[in-house]
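These notes are about the structure you will find just below.
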Amino acid sequence: MSIRAEIKYKIMKDYGAPALMALQDFKRRKPRPIPEAFGPPLDSNKRLKEILSRHYFLSRYARGVNKVAWVTSGAPVELLRAFDFYTIYPENHSALVGAKKQGADYCSIAEGSGFSQDLCSYARIDLGHMLSGKTPAGKLPKPDLLFCSNNICQTVLYWYKAIAHELNIPLIHFDAPFVTTEQTEADINYMAQQLQDMIPILERVSGRVFYLDVFENILKRSMETSRTWGAILDAMKAQPAPMTIFDAFGHLAPIVSLRGLPVAQDYYHILMEEVDTRVTQGIGAISDERYRLIWDNIAIWYKVRFLATFFAERKMNFVTATYTNAWAETTGYLNVKDPWNSMAKTYGQIILNNNLKHRLELMKKMIKTYSVDGMVMHSTRSCKPYSVGQFDLRKAITTDLDLPAVILDADIADERVWSEQQIHTRLEAFCETLEGSKHG
Amino acid sequence: MMIPNRKEYLKALANSGQKIMGVLPALYPRELLWAFDIHAAEIWDPPGEILHANAHLQTTICPIVKRSLEFILKEPDIINAGYLFPHTCDSLQNLGTQVKDLIGVSLPVYTFYNPKGSFNNTTTRYYRDILQNFQLSMEAVYGPLAPDKFLAACVLSHKIDSHLMAIQQARMTDHLSLNNAEYFKLMRAQEYLLPTDYLSLLEQVDILDQPGESPRARMMVSGILPPTPEILEFLDELGVSIVADDLLAGSRRIPKFPMDAPVSPLDYLTDRFFILPPCSTRGGDLDERLHHLSKHMNASQAQGILFDIVKFCEPELFDHRLLVKTLRGKNYPVLTLETELENHISGQDKTRIEAFTELLFEMVSP
Amino acid sequence: MADLYFAGVDVGSLSTDVSIIDHSGKLLSETVIPTGVNGSEAAEVAFDSAIKLADLSREVITAITATGYGRASVAFATGKTTEISCHGVGAHQLFPKTGTVIDIGGQDSKVIQIDSHGRMLDFTMNDKCAAGTGRFLEVMANRLELDLDELSSPLNIEGESAPISSTCTVFAESEVISLLAKHTPREHIVHGLQRSIVNRIWSMVASIGIEGEVTLTGGVAHNRGLVVLLEEKLGLTLNIPENPQTVGALGGAHIARRAYQSSLELGPN
């Protein structure tokens, strides 16, 4: 590690980052007008923006101080934290690009280089970034290591493989066998052993030694953070819900990409407090909550504001989602006393790595406990594990629970995949059904 | 050399009381099924119009998955023991649970995971474990496995592999007098013939002592499935021979090098799995894939390569870009076709194929 | 060589073109007629017309290469070659330093890499959909109630052109409708459409790479506005043939000539 790099990093951490936050704060002095349909915005939004901006900002100076790892959203990052890797989550970065409606731009770079348009847009955006260096986050550090797990999809393996080859850096893949009915002992042993096998490589790349007690502390922190996140999501059972799932899409960034770090743990305490206060005071995310909805699949990042407004104006609030729940659902399996097996259980049973019977039961449970009146399913071109089976899930739910449901064909981050007419027609029809149904 | 028609053959087999399991692509311990007297009928691209599957699957899902679901929804009589979904990709993974848990079929649905790592203690131990778990799930229905039958199945598999390797080698060096259509019909017959019948068929293949006539142009093909019979016939008309392949339904399911005769079935199957050629569906290393392609191109003196990509096939498409870039960089002509597995070549694809062969004919041979 | 003549017959989905050259490669005549519903008939008519123009008769034509979508239906052809090879050879004849050919036809577009003899080295085609082809412009012209000429002029617009993000012609048309409903100035929309085509072409070119000079062929080469934008995007000047539509037929004629000359060199057999 270079001394100069360390000093630079420290200066940026102690002075540069706060200065940047102050500047952003100054720029934000004039608040954006909030449509009437919404309740008061969350105060925590400010802190959220700060910690994410700070993380991206400091990442530029991380090289030379810590090794940099690009990580997938379902990967057991706690292991990397034990080696002080500075982590970047390309999925989070791609979502950011998508939200800024720049997805097509980055995708075109990847497509121009020979990647098919039929591939996941998170991957195309990330590959477009890698090939051009472009990023809305200022400047991203090149990784020293790639760390992925196929517990969210097999695509990440193909994608990260392409990056590993292009940048000539090591790729560590955590192979998580799909759960057909139950996890078997063989599955758990396999995953637990893989984690332990990774230690020598991680030591070599990071130049740090593995200490079990350090790792256990990180696990503890991660568990606590996930539990808090779960409690925040639970609070949305209140009527009116203090938050909307569209808010939650933003607020999940720390649990995904900063999990295991004190900053994420602290952040969710702040958010939890604010959410609790709103519940106590009956403050809702939208000013008049008449209908409560569930969202299935990842967000349509380039249309979050549009959809939030559309539904809020019709007094509809999204109070739960399978996506945001994913980082809370399996935390209960973690056990510091049995770290390897428990991580295998936690990470191996992530919703997308689990069978559709489990998913259907989970969705039904969420619909019941959150008093949901209707369902919107985003059928995304990019994500096969999330989208294949949705037609049958929808049918099962509408039949068994007599619940109105609509499917929107779009994408996570490629704004070209959007048919204005089709979406509007479907949304209007759904609203009519909902308003006319027994739930209305 | 008569190769029986698939539909008729399987019908006769089912009528005779043979247990038949419908197996989705791609890799699975078929020797274990054989040891239980279960015949594996592979389902890759059932022909016909897709109607009912569209009610369950989005438009951007690959035709292998769509056609397979269409087939399953018909509840065909020839499948009587159940369906097996080996783990190959996201779409097939989800199709398995969709069929089993949401749509529902009257037959048992099994799965088999294929580990995505390369050979090491952890992956081999896991593979042995899942083989044993699969054995247990079969025993639960069919009673205890006879160890000698398991070994016999591995021996049979070993013999088939040996013949396939020899035939593959013969093809590369023009020691085989089969045209493209005949060659791939032979390759694909393993998807439905009983292994004993398939071995007999392979034993009848005539490997020439001297190389036969050299084709006008030599091409390699890479992808999941061989090109459709129509395309193969068209290539035969044009005088182009596919002399080597990198196909999941072809050379990627044959070990890279000959193995010793099996002694312990579990050891044999585990070793065999890990010496299969690299494949996009198992996270195969890109350098290894390039090496494998180059090796075959050199051995067969292929002048160019055709990537016949199944539409929406993510594993293939991700790898495709680098493979094409590298091959083009070495001045190998490359043609990429996208297929929806219909036995009909569009005018556009005919033009592409013809233009590509015009390119190959113009080349000075190396 | 005695007076020998060679012809190329390009039966496309929209037009059928014929070029006649002599043994030295000199162009004698060219005709372009709509293909209509019968390619075989169109080929006959176009061929007869070109012969008349060149003041020749059918008997003296030594070899005829048929190309294009309907090449199989040209009964009187002595050889058939794809339009990809033909465009490569044709472009090379007109601009000998050509290394890359961009052909934007009515229904498909292609990028062809050729060597110093006009022989094809690599190619890519966009023929699965209308986006990036002449058809796209036709559909949009219709929607905007402009004729194609009005879609052709280089535009100096103030401010940003209206971005058309859809990759599909049908959806792009819906976008245009929405833009018109929002009273977006027509010039901005046209500019956005031209940009859209240029981006499509650019990604095809990027996948093959640019070598040597770049020659643009196909009817869309008449669209000056598009040419300007394409040159901007590629960062170079394009060679534009006087008759961009008949390059395929011209190439076919030269291929017929070369094939005949090779057969002489090889002797009988």
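Considering only region A:355-376, state which residues are buried (at least 17 other Cβ atoms within 10 Å of the Cβ) and among the hydroxyl-bearing types (Ser, Thr, Tyr).
A:Tyr370
From the set of residues in region B:105-122 that are hydroxyl-bearing (Ser, Thr, Tyr) and surrounded by fewer than 21 Cβ atoms within 10 Å (Cβ to Cβ), which is nearest to the other protein chains (Cβ to nearest Cβ)? Give the derivation first.
First pass over region B:105-122, keeping only residues hydroxyl-bearing (Ser, Thr, Tyr): B:106, B:110-111, B:113, B:118, B:122.
Then drop every residue that is not surrounded by fewer than 21 Cβ atoms within 10 Å (Cβ to Cβ), which leaves B:106, B:118, B:122.
Values: B:Ser106: 17, B:Ser118: 10, B:Thr122: 5 Å.
That would be B:Thr122.
Could you go through region B:95-104 and let me know if any residue there is under 29 Å from B:Glu288 (Cβ atoms), more than 9 Å from chain A (Cβ to nearest Cβ) and touching a residue at least 60 places away in the same chain (Cβ under 8 Å).
Checking region B:95-104: not a single residue is under 29 Å from B:Glu288 (Cβ atoms), more than 9 Å from chain A (Cβ to nearest Cβ) and touching a residue at least 60 places away in the same chain (Cβ under 8 Å).
Please go through region A:142-158 and pick out each residue that is in contact (Cβ under 8 Å) with a residue 60 or more places away in the chain, facing chain B (nearest Cβ under 8 Å) and not in a loop (DSSP other than H, G, I, E, B).
Listed by number, the list holds a single entry, A:Thr155.
For region B:276-288, check the following and say yes or no: at least one residue is over 21 Å from the mean Cα position of the chain (by Cα), at the interface with chain A (Cβ under 10 Å from one of its Cβ atoms) and in a helix (DSSP H, G or I).
Scanning region B:276-288 turns up at least one residue that is over 21 Å from the mean Cα position of the chain (by Cα), at the interface with chain A (Cβ under 10 Å from one of its Cβ atoms) and in a helix (DSSP H, G or I).
Anything in region A:111-134 that is on the phi > 0 side of the Ramachandran plot and more than 8 Å from chain B (Cβ to nearest Cβ)? List them, or say none.
Hit for region A:111-134 is A:Gly133, nothing else.
Considering each of B:Thr351, B:Thr281, B:Thr336 in turn, give the residue that is β-branched (Val, Ile, Thr) and farther than 22 Å from A:Tyr158 by Cα.
Numbers: B:Thr281 fails: farther than 22 Å from A:Tyr158 by Cα; B:Thr336 fails: farther than 22 Å from A:Tyr158 by Cα.
The conditions single out B:Thr351.
Which pairs do you get when a residue that is closer than 12 Å to A:Thr184 by Cβ, found in region B:114-138, comes within reach of a residue that is at pLDDT below 95, reach meaning Cβ atoms under 8 angstrom, with the pair 6+ apart or on two chains?
Pairs found: none.
What pairs can you find where one residue is in region A:94-105 and under 17 Å from A:Ala253 (Cβ atoms), the other is surrounded by 21 or more Cβ atoms within 10 Å (Cβ to Cβ) and aromatic (Phe, Trp, Tyr), and their Cβ atoms are less than 7 Å apart, with a gap of 6+ or different chains?
Pairs that qualify, where the first residue is under 17 Å from A:Ala253 (Cβ atoms) and the partner is surrounded by 21 or more Cβ atoms within 10 Å (Cβ to Cβ) and aromatic (Phe, Trp, Tyr), are A:Ser94/A:Tyr122; A:Ala95/A:Trp301; A:Val97/A:Tyr106; A:Gly98/A:Trp301; A:Gly98/A:Tyr302; A:Ala99/A:Trp301; A:Ala99/A:Tyr302.
Specify the residue that is nearest to A:Ile152 (Cα to Cα); the eligible residues are those in region A:57-84 that are modelled with pLDDT of 95 or more and in a helix (DSSP H, G or I).
Here the residue is A:Val77.
Taking only region C:196-247 into account, find how many residues are part of a loop (DSSP other than H, G, I, E, B) and of a type outside the set (Asp, Glu).
12
Being modelled with pLDDT of 95 or more, touching a helix residue (DSSP H, G or I) at 6+ places or on another chain (Cβ under 6 Å), farther than 16 Å from B:Pro255 by Cβ and among the small types (Gly, Ala, Ser) is the requirement here; does B:Ala170 meet it?
No: the conditions fail for B:Ala170.
Output the residue which, of all residues in region A:400-422 that are over 21 Å from B:Leu57 (Cα atoms) and in a helix (DSSP H, G or I), is modelled with the highest pLDDT.
A:Leu401
Which numbered condition trips up A:Ala192, out of (1) of a type in the set (Gly, Ala, Ser); (2) closer than 30 Å to B:Thr97 by Cα; (3) crowded, with 21+ Cβ neighbours inside 10 Å?
So A:Ala192 meets the others, but not (3).
At least 2 residues that are farther than 20 Å from B:Gly250 by Cα in each: list the strands (runs of 3 or more DSSP E) lying fully within region B:1-111 that qualify.
Result: B:19-23, B:82-86.
Give just the number: which of (1) over 17 Å from the mean Cα position of the chain (by Cα); (2) crowded, with 22+ Cβ neighbours inside 10 Å; (3) not in a helix (DSSP H, G or I) does A:Val275 not satisfy?
(3)
Just to verify a result, which residue in region C:215-242, among those that are in contact with a Phe, Trp or Tyr (Cβ under 9 Å, 6 or more places away or on another chain) and not hydroxyl-bearing (Ser, Thr, Tyr), is surrounded by the most Cβ atoms within 10 Å (Cβ to Cβ)?
Step by step, filter region C:215-242, then rank; the result is C:Leu230.
The values are calculated or read from the model by the stated rules, or taken from the named source; none is laboratory data. Treat the numbers as computed from the prediction; the structure is a model and nothing was measured. FYI the Cβ positions are ideal-geometry reconstructions off the backbone, even for glycines, and counts take in every protein chain you see.
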